[in-house]
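Engineer: First the structure, which I've put down as structure tokens, then a few questions once you've had a look.
The values are calculated or read from the model by the stated rules, or taken from the named source; none is laboratory data. What you see is a predicted model, and the numbers here were worked out from it, not measured in a lab. Note: ideal-geometry Cβ built from the backbone for every residue, glycine included; neighbour counts use all protein chains shown.
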Amino acid sequence: MGMEIKGILAKKILTEAKGYLDVGFTHSLNPYSGCAFACKYCYVREMPIQRFKEIPWGEWLDIKTNAVETCRNEIIKLRKKKSPLNIFMSSATDPYQPIEYKAEITRGILEEMIDNPPDFLQIQTRGPMISRDIDLLLKLKEKCDVIVSMTIETDREDIKQIFSPYAPGIKLRIKALTEVHEAGIMTQASISPVLPFTPDFPKVLKGICDHIWIDTLAIGDGAMGKRSERLGMPALFAKHGQSRWYEKNLHDRVEKYFNKYFPGHMLRVSKNDAFPI
């Protein structure tokens with residue numbers, strides 16, 4: 001799979017939170033546009049940023065080269081207004097794209113936030129590279145509330161290969177989440193979306209996260225399943241004999257199962273596009 005990568009100048013880096021994020025978050029922050037992980041179920045494929053793009057999702061990436069400076073200016077401006085600042089990073093890309101290793105846009109933003117911190121920062125990623133930035137996260141948590149949410153949709157590598165073959169391996173993500181948790185930073189395992197997993201999945205996550213987020217394609221794609229249907233997800237599940245993992249009440253069944261291993265206060269379940277902080 002080829003990638004078209006280019007640098008752009010972003011007019012804004014903070015976007016007012018709407019939809020499923022408008023439940024405590026004030027802004028979303030996307031250091032990049034596009035995504036190299038190209039997950040087949042990604043709801044961003046059905047958003048304007050991709051629908052009006054000629055290049056397929058997963059084959060283009062824009063680096064917001066002025067992201068750090070823009071972020072600094074916008075945070076300072078909001079602080080002058082004494083506005084609350086609860087940031088979700090990221091909602092339409094992954095902040096730890098493979099190019100981040102060289103570009104260091106996300107790392108630069110975290111460095112900037114140490115001097116100009118938000119009130120709350122949630123980093124949503126499936127990139128093991130986040131362990132590189134533990135040093136900055138430890139400094140930042142002295143200034144504001146920080147939670148690292150690692151997407152781990154399944155504990156089955158064969159299933160991951162069907163739905164997101166270009167995304168980082170499951171074991172690498174678990175290792176990174178463990179390192180972040182052991183460093184003393186609050187962590188969340190985001191089973192989003194729920195993909196077929198083994199009975200031992202809860203045991204894999206035990207002791208390495210403070211919260212578990214449960215989300216499904218039928219209720220968590222921002223359109224109550226309609227985007228996922230347009231992306232052909234019911235047919236893809238059926239093709240691999242996994243249709244029971246696409247049923248409407250899947251989130252209830254998964255919550256009940258995980259509740260055998262985790263107390264209720266650790267489980268957060270997406271039901272009405274709610275994403276509480």
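Engineer: Is there a residue in segment 10-31 that is out of contact with any strand residue (DSSP E or B) (no Cβ under 8 Å at 6 or more places or on another chain), assigned to a loop (DSSP other than H, G, I, E, B), buried (at least 17 other Cβ atoms within 10 Å of the Cβ) and of a type outside the set (A, V, I, L, M)?
Structural biologist: No - not one qualifying residue is present in segment 10-31.
Engineer: If you don't mind, there's one more thing I want to ask. Which of (1) touching a His at 6+ places or on another chain (Cβ under 8 Å); (2) of a type in the set (A, V, I, L, M, F, W, C); (3) under 22 Å from Lys226 (Cα atoms) is the odd one out, the single condition Leu85 does not satisfy?
Structural biologist: (3)
Engineer: Given the criteria at pLDDT below 95 and not in a loop (DSSP other than H, G, I, E, B), does Asp273 qualify?
Structural biologist: no
Engineer: Another question about this same structure. Please give the number of the condition Arg45 fails out of (1) at positive phi; (2) touching a helix residue (DSSP H, G or I) at 6+ places or on another chain (Cβ under 9 Å).
Structural biologist: Tallying (1) at positive phi; (2) touching a helix residue (DSSP H, G or I) at 6+ places or on another chain (Cβ under 9 Å), Arg45 fails exactly one: (1).
Engineer: Here is a follow-up. Looking only at residues in segment 66-80 that are out of contact with any Gly (no Cβ under 9 Å at 6 or more places or on another chain) and surrounded by 17 or more Cβ atoms within 10 Å (Cβ to Cβ), which one is nearest to Asp145 (Cα to Cα)?
Structural biologist: Ile75
Engineer: Within segment 128-174, count every residue that is among the acidic types (Asp, Glu) and surrounded by 20 or more Cβ atoms within 10 Å (Cβ to Cβ).
Structural biologist: 3
Each row is one residue, and each column tells you yes or no for (1) surrounded by fewer than 22 Cβ atoms within 10 Å (Cβ to Cβ); (2) charged (D, E, K, R).
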{"position": "Trp57", "(1), (2)": "yes, no"}
{"position": "Lys64", "(1), (2)": "no, yes"}
{"position": "Lys82", "(1), (2)": "yes, yes"}
{"position": "Ile87", "(1), (2)": "no, no"}
{"position": "Gln97", "(1), (2)": "no, no"}
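Engineer: Related question: Within segment 209-225, track down each residue that is buried (at least 19 other Cβ atoms within 10 Å of the Cβ) and over 21 Å from Tyr41 (Cα atoms).
Structural biologist: Within segment 209-225, just Cys209 meets the criteria.
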